[in-house]
2 protein chains.
Amino acid sequence: MQELGIGEVVRRSGVPASTLRYYEERGLIGSVGRRGLTRVFDETVFERLALITVGRSAGFSLDEIALMFAADGRPRLDRAMLAGKADELDATIVRLTVMRDGLRHAAVCPAASHLECPTFRRILREAGSGG
Amino acid sequence: MQELGIGEVVRRSGVPASTLRYYEERGLIGSVGRRGLTRVFDETVFERLALITVGRSAGFSLDEIALMFAADGRPRLDRAMLAGKADELDATIVRLTVMRDGLRHAAVCPAASHLECPTFRRILREAGSGG
DNA sequence: GTCCTACTTCAAGTCGACTTGAGGTCAAGT
DNA sequence: ACTTGACCTCAAGTCGACTTGAAGTAGGAC
C-alpha cells in the first residue's frame with residue numbers, strides 16, 4: 001500500500017497536522033512507522049479519519065471512538081458496546097429529527113415568538129419526554 | 001403562572017443550579033424576577049431547558065441556541081437562520097444514520113477487525129463523501 | 001556550506017461549557 | 001439568639017479537544 005507523509009494526509013483529508021499528531025498520541029490513528037523522524041501513513045488512515053469525524057459529530061468522545069477500533073481484546077464486549085452505541089445513536093436521531101421539524105416549523109410560523117407557538121411548544125414537549 | 005424557586009426547577013428538570021445560573025448569565029433562560037436575592041422562574045423555563053438540551057445534543061453551541069430564542073430583532077434573518085439550522089440538522093441526521101448502520105453491522109460482522117470488513121468500509125466511505 | 005521546506009518534540013495556551021469553593025444573605029425553626 | 005438550609009455572588013478550576021509557539025532535525029537545491 002502506498003506510503004504517505006503527513007503533509008499528503010493533510011492535503012487529502014483536510015485535517016490539520018497538529019490534529020493528526022494529537023490523534024496518533026491518543027491512539028486513534030496509527031502511523032505505519034517512521035522514516036527517520038517523520039511519520040508514515042497508509043491509505044487506511046482516511047477511513048479512520050472519516051470514522052472519527054462522523055463519530056465526533058455523533059457526539060462520541062475520542063475515547064469512545066478509540067474503543068470502537070479496538071479489534072483485539074474481548075470482542076464480545078466490544079460488539080455489545082457497538083450495539084449499545086447504535087441504540088444511543090437511534091435515540092439521538094429521533095431527537096434531532098424532532099428538533100429539525102421544530103426548526104422548520106419555526107421558520108415559517110407566524111407567531112411572534114417561537115415559544116408562543118403551540119406547535120413549537122408541542123414539539124418541544126415531545127422532545128423533552130422522548131429524550 | 002406558578003412561580004418556582006431554583007430548587008424546584010432543579011428537582012423537576014434535573015439541571016443543576018450552577019447550570020441554571022450559568023444559562024441565565026448567558027441569556028438562555030430568563031428568571032421572571034427576584035424575590036429578594038433569589039431567582040424566580042415560571043413554567044416556561046422547562047420548555048427552554050428542553051430546547052437547550054435537544055439543541056446541545058444536536059451539536060449547537062449555546063450561542064447558537066440563544067439566537068434561536070431571539071424573537072425580537074430582525075425576524076427575517078432569524079427565520080432564514082432557523083431554516084439553515086434545519087438543513088444542517090438534516091445533514092447531521094444522515095451522517096448519524098450511516099454511522100448507526102455501520103455500528104449495527106459491526107456488531108454482528110464476523111470480520112476480526114471492523115476496518116477489515118468490506119461492508120463497514122463501504123459505509124465509512126459513504127459517510128466520508130456524503131458528509 | 002547554507003538555505004529552504006517539511007517535518008519533529010514538548011510545553012503551554014485556548015475555547016466552550018460548566019463546576020467548585022469561599023464567603024455572604026435571608027427566612028424559618030427551636 | 002442562634003443554627004440550619006436554601007439561596008446568592010464572584011473568581012478560579014476542570015475537562016475535552018485541539019492549537020500555537022519555540023526550538024530542533026533531516027534531506028535536497030544551489
When you scan segment B:10-67, how many residues do you find that are without any contact (Cβ under 8 Å) to a residue 12 or more places away in the chain, near DNA strand C (Cβ under 8 Å from one of its atoms) and either surrounded by 19 or more Cβ atoms within 10 Å (Cβ to Cβ) or within 14 Å of chain A (Cβ to nearest Cβ) (or both)? 2
Could you check B:E24 against (1) outside any loop (DSSP other than H, G, I, E, B); (2) out of contact with any Gly (no Cβ under 9 Å at 6 or more places or on another chain); (3) under 22 Å from B:A66 (Cα atoms) and say which number it fails? (2)
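Every number in this text was worked out from the coordinates using simple rules, so none of it is lab data. All of these numbers come straight from a predicted model, not from anything done at the bench. So basically every Cβ, Gly included, is an ideal-geometry build from the backbone, and we count neighbours across all protein chains shown.
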